[in-house]
1. Can we say A:ILE394 is touching a residue at least 40 places away in the same chain (Cβ under 8 Å), assigned to a helix (DSSP H, G or I), within 29 Å of C:LYS117 (Cβ to Cβ) and open to solvent by less than 70 Å² (accessible area, probe 1.4 Å)?
2. Condition first: surrounded by fewer than 17 Cβ atoms within 10 Å (Cβ to Cβ), without any contact (Cβ under 8 Å) to a residue 12 or more places away in the chain, under 22 Å from B:SER78 (Cα atoms) and not hydroxyl-bearing (Ser, Thr, Tyr). Can you find one or more residues in region B:158-176 that meet it?
3. Hey, can you tell me all the residues within region A:365-396 that are within 14 Å of chain C (Cβ to nearest Cβ), of a type in the set (A, V, I, L, M) and out of contact with any Ser or Thr (no Cβ under 6 Å at 6 or more places or on another chain)?
4. When you check B:GLY324 against the structure, is it open to solvent by less than 20 Å² (accessible area, probe 1.4 Å) and under 20 Å from the mean Cα position of the chain (by Cα), yes or no?
5. Determine whether A:PHE361 is open to solvent by 10 Å² or more (accessible area, probe 1.4 Å) and of a type in the set (Phe, Trp, Tyr).
6. What number of residues within region B:88-124 satisfy the criterion of being more than 10 Å from chain A (Cβ to nearest Cβ), open to solvent by 10 Å² or more (accessible area, probe 1.4 Å) and part of a strand (DSSP E or B)?
7. Check whether at least one residue in region A:28-49 is more than 14 Å from chain C (Cβ to nearest Cβ), of a type in the set (Phe, Trp, Tyr) and either farther than 30 Å from A:LEU243 by Cα or open to solvent by 10 Å² or more (accessible area, probe 1.4 Å) (or both), and report yes or no.
8. Give me the pairs, please: first residue somewhere in region A:122-135 and farther than 18 Å from A:ALA74 by Cβ, second residue anywhere and of a type in the set (S, T, N, Q), beta-carbon distance under 6 Å, and either six or more positions apart or on two chains.
Amino acid sequence: MSQKIKNLLVKNVVTIVFVLLCIFGIVASEQPLPFIVKELITRIGRNSFLVLSLIIPVIAGMGLNFGITIGAMAAQIVMIFAISYGATGFSGLVLCIVLSTPLAALFGYITGRVLNKTIGQEMITSMIMGFFANGLYQLLFLFLIGTVLPIGNENFLIPGGVGIVNTIDLKDNVMYAVDNVWTIKLPMFLGIFGAIGALATGYLVNKYKKSENKILRSRLFFYLGLSISTIVVAIVLQSTVNLYKLFEIPMITFAFIAVIGAFNVLIFKTKMGHDFRTVGQDKHIAHVSGINVEKRRILSIMISTILAAWGQIIFLQNLGTLNTYGSHVQISTFAIAALLIGGASVSKATVGQALLGVILFHTLFIVSPMAGKNLFGNAQVGEYFRTFIAYGVIGLSLGLHAWKTFKAQQQKDKVDIN
Amino acid sequence: MGEILLQLKGISKHYGENKVLNNVSFEVEKGQIVSLLGENGAGKSTLMNILFGMPVIHSTGGFSGEIYLEGELVDISSPVKAMELGIGMVHQEFMLIPGYSVAENIKLNREVLKDNLVSKVLGKDFKTLDAKKMNSDARVALDKLEVGIEEYTKVEGLPVGYMQFIEIAREIDKKNVRLLVFDEPTAVLTESEAENLIKAMRIITQSGISIIFITHRLDEVISCTEQVTILRDGALVANKKTSDTNIVELAELMVGRKIESLKNSEENRAMEMNDIILSMKNYKVGMPGELVKGIDLNVHRGEILGIGGLAGQGKIGIANGIMGLYPASGEVLFNGETLNLNKPIESLKRKLAFVSEDRKGVGLLLDEGIDINITVTSIQVNNRFLKRYGFFTQLDLGTIRSYADGMIKMFDIRCTGPDQKTRRLSGGNQQKVCLARAITLEPEILLVSEPTRGIDIGAKKLVLDALIDLNRNKNMTIIMTSSELGELRSICDRVAIISEGKLAGILKPNDSDAKYGLMMSGKTDIPKEVM
Amino acid sequence: MSEKLKSTIKNIGIPRFVIVTMLIVIYIAAYFLKLNVPRLLSDNLVRMGMNGVLVLAMVPGILSGTGLNFGLPLGIICGILGGLLSIELQMTGIVGFLVAMMCSIPIAIIAGYFYGKLLNRVKGSEMMVGTYVGFSIVSLMCIGWLVMPFKSDAIRWPIGEGLRTTIALTDFYDKVLNDFLQFTIFGVTVPTGLLLFFFMMCLFVFLFLRTKTGMAIRATGSSNKFSKASGIDVDKSRMIATVLSTALGAIGILVYAQSYGFFQLYTAPLMMGFAAVAAILLGGASAHNAKITHVLLGVFVFQGLLLVALPVANVIFPQGNLSEVMRVIVQYGIILYALTKAGGGQ
């Protein structure tokens, strides 16, 4: 039993360290908890989608897709044009989503083709692809707009008539276009969430009543307990005086996230998803058994890029400003760091890990400047710390994965002779 | 006489100049087990590649001849086509995904799918996997083979013996399968596992499926097949009913060839039999695919010792272990003193030199010149070709160049100059560079593996002559490992035959073909009439 | 004739051919736009010398088989640390520069040792891991710069916490190499000392590669299996190469800083590795093979392109910073090209 617990700890060491780090950060920052929770709700809505876009390539054996930046660029290209021609509100945003899809698919196709030429070095290649694409993106928006390509709104142009301005304000057109369609208060949300959870797990508990699978059953009971306690929390929040019950939950955004989460689970129950898994497990066997490995790999990157484009649109409508040359630059680093903190690795990732990772990473993001200030007398320490965390956790995870792969290869080559 | 399932008529195939199959014909009856027998390079795998429509055949100009399935002329243009025609293959290396369940592996890329709302719009890719049906199908296949494993367990961690059965279950689960090819299926199995496998093969044939059984174990051929087809050097040697033949005859047919003698004058040189230069005791090497499982062998000073045997039996592992390239254990004495295994530098410093069977991987620095290739090992091991300036060393390029020039003359290496990159040399010239590098180390024992593989006739003779010259005039003891029995028998004083990682025996070059054949197939109890 | 041309182009590589042609065209354009060509050429020489050692740092890594050393920022950080120590000790002039080198090399050797250990454990993924080692160390040192106990007023912010973002070398060893034996010919100013130092470093690496150890490193990079069979300790060769690369990175940033006149702290070194990688690739190197001539040609062409393109682009295209965008495209384009050529594809 103690061995089991030890294994569990070792397996989840990254996540556990970050849970502790978050708790420590929350305490050290001395910030009020309601403030942190409110910020966190916003950031979950804003970032989860992007993190979820990473899962399929991981399962398909292509590692962490640093190329989601390219999807984000597709989204921004479409948004800038669409908004300049007057797209506003929810319908405007839906238009952006629709239009960005083929563009992101094209970009994803190109990325996938390149990655098929660099098998074994997909991650560094997708990263450099992102940097390279950023150059082309700058070329487009700094020099081609106003000279070769038209734009719908003169205000978007740098004075002089060539190139797009640095920041585009989304307040008057698409800000909160998804978030504000339908919102409900936090206790209500928790109540509904808990109720659905309880009903679903209750049904499953009943269904597997006689099942021998103890792990499954204990897990179901755990979820059932979780759902019921969520309901209890909801009731307590509703019936007492506190700040939490004023928080608004953007239902459509969360519904989007739920749908994509479900998509990431359900896809692996289909032929396509099963092929992704097969390719990810062993390219050679997949090929021999007749799966078109290259096509599957390209497809997985295309899906990832499209999801990233949608994710970036949701991200920007919440943020309210579009930084033409900056909004997309860091998203792959932060999304990947979040995924890894949630417990994923280069070859394994789940929806749960993605969501947990978003919560932990962004908690850290919220509290670290103040924590830095309180601990070192300098808020910048905290800010640099969170950048370091992002890079460090990616570096650590890549290193560990490479080391394990190398060891496994050695183990495979070694034959027991005695 | 049963119904004919498969008929091959006049199959020929050449890769470039090299004819690998010459007018081969044979038949397989329904429900029959036919064994395909032959040494390495006899053309077995090429024949099977043709049968599976492998791209390697069609990208090299196709083949000539005709293939009939149940009397119908078929064109097997791709592996997919072969599968559609009901030809299946049980691979030697397992094509199994460890993270998947037994059922998922059996149904790999042939998953049972069912429709859902999305798939009706978006097509097959979105159909859901029907796990229940997959499991029950897998169960049926496993039951047919009388295997007791649960279809939902993961393959990871299953014993090796079961893996083969999962592969077979995958093939017989294919509804239209008519012909199964087993490629050396018993090579990795223990004796009892092999027996189970043969039992399973019998069960399969009862449902009318035919089996082509590739093996080198002659007693398995005798015990479980109805028909034997023997190939040698790409040509059909014999088609025999198993009941009409015996082990000795099969061995003879498999090996038989004329001996090209190079050292015709001195049959059986008188050798100082007590002067042992290298002795191995309980010597094991963990070289993947070429395991050496405990060998006792002595090498006499001044002899040319041949090491022969079939591919994958461990003959290649012996030299690689001595040179420290793969983990080895046991006691190895060199000149009476223990040789520290697993340390390449120690072996090199003790004056052992190696010409590897992997010429392009281990033997050469393909992007460096001939001069560097010849000298680099001596630079590292013996500090030769270096100028010293205090702590600082510099390559002595002048000496390196002139030395390389000398070697180029000596071995007649055809090149544009000593700085030509070895990548651009022909196979034979590359081999000469490897040999030059090895003798630059001035070794006492020269270990040479597959010295003539993939090089043309002229270069072959030159390389073998050079070996004899080094042995006679420079007093080098030579251990030559080769898949070419003829070559071993033509220049060696003794030939050790390795089978299943063990020493099967030591033969004289002029021993009979049958003896060689039997030993190579792992028969140690050689019938009296052959001795 | 056209066959010969084709094979020549194929030998140089299409992107390289394009870039070199582009540089020549830009120089010609500069002449016709009445820009000061000798002046541009002088600046090109300076830029070559100041970036050269950083590019040279790529050579040992590539030859030993660890690939393109995207972890160069590690060496750069070590160099900056040494440079700051020298300032802290109030050293000026050429002595200051030498002390900076003396201080930074041991730091770089230690850092390189651990980096080498790491790279030996992640064979096959050196480039990706190296990139993130660089990123991590730069972001970690951002905190370091805030809390390090340097005392010198030239290093610290006069008020507030931490070290300055840019540290001027005017009072220390600004341009000590550049100004050494500098002369002007046909209007072209030649920074003799700088170039001399760069060429000396090149010669040092060239000679090192012809020692027994250097030969072992080259063999390791060409074929691990061959090296093992020749009694070479593969891990040790890779280690030595990594340490050398890191040390050259440290020296490289010192040369860069003395020419530039400033040390740049915090996030400035983050992407510097990519520029060095791009330069050597432009010079003709690949992920597996590099020569000193690749360094010389690459750094001249790449820096020339950045430098000359700027005024030319500004004349043709007054708005925006076209040459910066071109830099991004060329820099990452050539790296991407090298990665796809290096293959790994089946």
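1. yes
2. Among the residues of region B:158-176, at least one is surrounded by fewer than 17 Cβ atoms within 10 Å (Cβ to Cβ), without any contact (Cβ under 8 Å) to a residue 12 or more places away in the chain, under 22 Å from B:SER78 (Cα atoms) and not hydroxyl-bearing (Ser, Thr, Tyr), which makes the answer yes.
3. If the condition is that a residue be within 14 Å of chain C (Cβ to nearest Cβ), of a type in the set (A, V, I, L, M) and out of contact with any Ser or Thr (no Cβ under 6 Å at 6 or more places or on another chain), then A:LEU375, A:ALA379, A:VAL381, A:ILE389, A:VAL393, A:ILE394, A:LEU396 are the ones that fit.
4. On the way: open to solvent by less than 20 Å² (accessible area, probe 1.4 Å): yes; under 20 Å from the mean Cα position of the chain (by Cα): no.
For B:GLY324, the condition - open to solvent by less than 20 Å² (accessible area, probe 1.4 Å) and under 20 Å from the mean Cα position of the chain (by Cα) - is not met.
5. Spelling it out, it is not the case that A:PHE361 is open to solvent by 10 Å² or more (accessible area, probe 1.4 Å) and of a type in the set (Phe, Trp, Tyr).
6. Result for region B:88-124: 2.
7. The first filter runs over region A:28-49 and keeps only residues more than 14 Å from chain C (Cβ to nearest Cβ), leaving A:28-49.
Then keep just the ones that are of a type in the set (Phe, Trp, Tyr); that gives A:35, A:49.
Filter once more, keeping what is either farther than 30 Å from A:LEU243 by Cα or open to solvent by 10 Å² or more (accessible area, probe 1.4 Å) (or both): A:35.
The answer is yes; a qualifying residue exists.
8. Every condition considered, the pairs that remain are A:THR125/A:THR118.
The values are calculated or read from the model by the stated rules, or taken from the named source; none is laboratory data. Predicted, not measured: the structure shown is a model, and the values here were computed from it. For neighbour counting, all protein chains shown are included, and Cβ atoms are generated from backbone atoms with ideal geometry for every residue, glycine included. Areas reflect the complete protein model, heavy atoms only, side chains present, ligands, DNA and RNA absent. Shrake-Rupley method; radii C 1.70, N 1.55, O 1.52, S 1.80 Å.
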